[in-house]
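S.K.: Quick one: structure below, then a few questions.
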Amino acid sequence: MKKPKHNGAAPATAPHCCPNPACCYHSREAAAAVCREGERWYILFGRFWTESRGFIQRFRCKDCGRTCSTQTFSIDYWTRLTVSYRALLAELTSGSGLRRIAARWGTTLRVVRNRTRRLARNCLAVMICAALHCKERNLQENLVFDGFESFTRSQYHPNNFTIIAGSDSQAIYGVTYTALRRKGAMTGAQKRRNAHIKLLWRPPRSIEASVRGLFSDFVITALGGAHRRGTLELHSDEHRSYPRALGSIPALARAIDDGLLEHHRTSSRAARTRANALFALNYIDRLLRARCAEHARETIYWPKEVNSAMERFAIFAV
């Protein structure tokens, strides 16, 4: 393909900050302040041609000399094929599997998996920003938490997603993953295979340990607003691990004794209507079964590894 000549037009939008963490312009606020004064924190540093996106403008920082381009902070950094992330998001949240998306788009599974991972990284960043927002401002709603069970790789490796959500907004504030041992009715052959797996591998963590880690990261921060707003209510089902996990965290135990935190338990057999205190999570579980192909009942799709399962859960949460 013949490379066209550029016409000297104005460069594309520059990066918001310098990519060098040691540079004073690595802060977006500092870089924006310079731009508001009519100056630039960078100088134009030439262009280069790509067959996939044409001319790419390069920039050089005035302070540290680090170079970057319009692709440096792009979600499509170091890719050759442009994919619509809005279309990918719609596919992933409508029950489509990765292979089905690849076949429909006429591309490879590797491309769809790569773009899903890139989209998930940005969704994780959004979740981190939401957590920081909760830390800076008072939490204006009570919380519900419960486990969502599925499996990874095979039904001999079930898992549990412990989810914290807002009782009113149904916003997902946090999630943790726990590997479980297979339970329930099994045939003789399945019992023998399950016993063999137990000899070779056991889950490294329990639900109690996962809940303890999840609440240590989030709810202690949420309690900062409880002193000004009143009592914070935590709603869960009657799982035996939950009271032990909450009681093992000193800050939460003190909050319960002081009346700043109340843990209410609802039977999982109660009618799952709007009057149920766990309605927010019951509804989230329903959406997970309906919109995520890997969690549908009797599905032909399932996650092959834990990282991929958590990445797609982040996409769903956002």
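The values are calculated or read from the model by the stated rules, or taken from the named source; none is laboratory data. Quantities reported herein were computed from a predicted structural model and do not represent experimental measurements. Here the Cβ is made from the backbone with ideal geometry for all residues, glycine too, and neighbour counts use every protein chain on show. Please note that ligands, DNA and RNA were not included when accessible areas were found on the heavy atoms of the full protein model with its side chains. Shrake-Rupley method; radii C 1.70, N 1.55, O 1.52, S 1.80 Å.
S.K.: Let me know the whole percent of all Cα-Cα pairs from the range 255-318 that are separated by more than 15 Å.
M.R.: Values: 1317 of 2016 pairs.
Value for the range 255-318 (Cα pairs over 15 Å): 65 percent.
S.K.: Another question about this same structure. In nanometres, what is the gap between the two model label sites at Cys24 and Arg104, each 7 Å from Cα along Cα-to-Cβ?
M.R.: Output for this residue pair reads 5.2 nm.
S.K.: May I ask for the net charge around Val34, where only other residues with Cβ less than 13 Å from the Cβ of Val34 are counted and Lys, Arg are +1 while Asp, Glu are -1? Kindly include the intermediate steps, with their values, before the conclusion.
M.R.: On the way: positive: Arg28, Arg36, Arg40, Lys62; negative: Glu29, Glu37, Glu39, Asp63.
Summing Lys/Arg as +1 and Asp/Glu as -1 gives 0.
S.K.: Here's something else I'd like to know. In nanometres, what is the gap between the two model label sites at Arg254 and Thr299, each 7 Å from Cα along Cα-to-Cβ?
M.R.: For Arg254 paired with Thr299, the spin-label model returns 4.2 nm.
S.K.: Right, next: Can you tell me how much longer the chain between Asp76 and Ile43 gets when fully stretched, taken as 0.36 nm per residue apart minus their C-alpha distance, in nm with one decimal?
M.R.: Values: separation 33, 0.36 × 33 = 11.88 nm, distance 2.33 nm.
Additional length available on full extension: 9.6 nm.
S.K.: Placing one identical point scatterer on every Cα of the chain and ignoring solvent, what is log10 I(q)/I(0) from the Debye formula at q = 0.09, 0.10, 0.12, 0.16 Å⁻¹?
M.R.: Results for the chain at q = 0.09, 0.10, 0.12, 0.16 Å⁻¹ read -0.65, -0.77, -1.00, -1.30.
S.K.: Follow-up question, since we're still on this one. Points 7 angstrom from Cα along the Cβ direction at Leu199 and Ala33: gap in nanometres?
M.R.: So the label points at Leu199 and Ala33 sit 6.7 nm apart.
S.K.: Order of 155-168, 67-80, 243-256, 181-194 by packing, highest average Cβ count within 10 Å first? Walk me through the intermediate numbers first.
M.R.: Working: 155-168: 19.1, 67-80: 14.5, 243-256: 16.4, 181-194: 11.1.
Per-residue mean Cβ counts within 10 Å order the peptides as 155-168, 243-256, 67-80, 181-194.
S.K.: How charged is the neighbourhood of Ala280? Take every other residue with its Cβ under 14 Å from the Cβ of Ala280, and add Lys/Arg as +1 and Asp/Glu as -1. It would help to have the intermediate numbers written out before the result.
M.R.: On the way: positive: Arg272, Arg274, Arg286; negative: Glu141, Asp146, Asp168, Glu233, Asp237, Asp285.
That sum, taken over residues with Cβ under 14 Å, equals -3.
S.K.: Please calculate the 1.4 Å probe accessible area of Trp41, with all protein chains present, and give it to the nearest 10 Å².
M.R.: In the full protein context, Trp41 sits at about 0 Å².
S.K.: With a cut-off of at most 16 other beta carbons within 10 Å, and DSSP calling the residue loop, which GluC sites (Glu not before Pro) in the range 229-307 qualify? Please list them. Could the numbers behind the result be given before it?
M.R.: Working: sites: Glu233, Glu238, Glu262, Glu294, Glu298, Glu305; in loops: Glu238, Glu298, Glu305.
Loop-located and lightly packed - Glu238, Glu298, Glu305.
S.K.: Could I ask something else about it? Comparing Asp285, Asp237, Asp257, which has the greatest mean-square fluctuation in the GNM of the chain with Cα pairs linked when under 10 Å apart?
M.R.: Residue with maximal mean-square fluctuation among Asp285, Asp237, Asp257: Asp257.
S.K.: Along the principal axes of its C-alpha atoms, what lengths does the range 59-107 span, in descending order and rounded to whole Å?
M.R.: Reported extents, whole Å, longest axis first: 49, 19, 11.
S.K.: OK, next. Over the range 253-318, what relative contact order in percent results from Cα pairs under 8 Å that are six or more residues apart?
M.R.: 13
S.K.: What 222 nm value per residue comes from the helices of the chain, counting each DSSP H run with n ≥ 4 as -39,500 (n - 2.57) and dividing by all residues, nearest 500 deg cm²/dmol?
M.R.: -12500 deg cm²/dmol
S.K.: Treating the beta-carbon of each Lys and Arg as +1 and of each Asp and Glu as -1, no other charges, what is the dipole magnitude of the chain about its Cα centre, to the nearest 20 debye? Don't jump to the answer; show the numbers that get you there.
M.R.: Values: 51 positive and 25 negative charges, 360 e Å.
Dipole about the Cα centre, nearest 20: 1720 debye.
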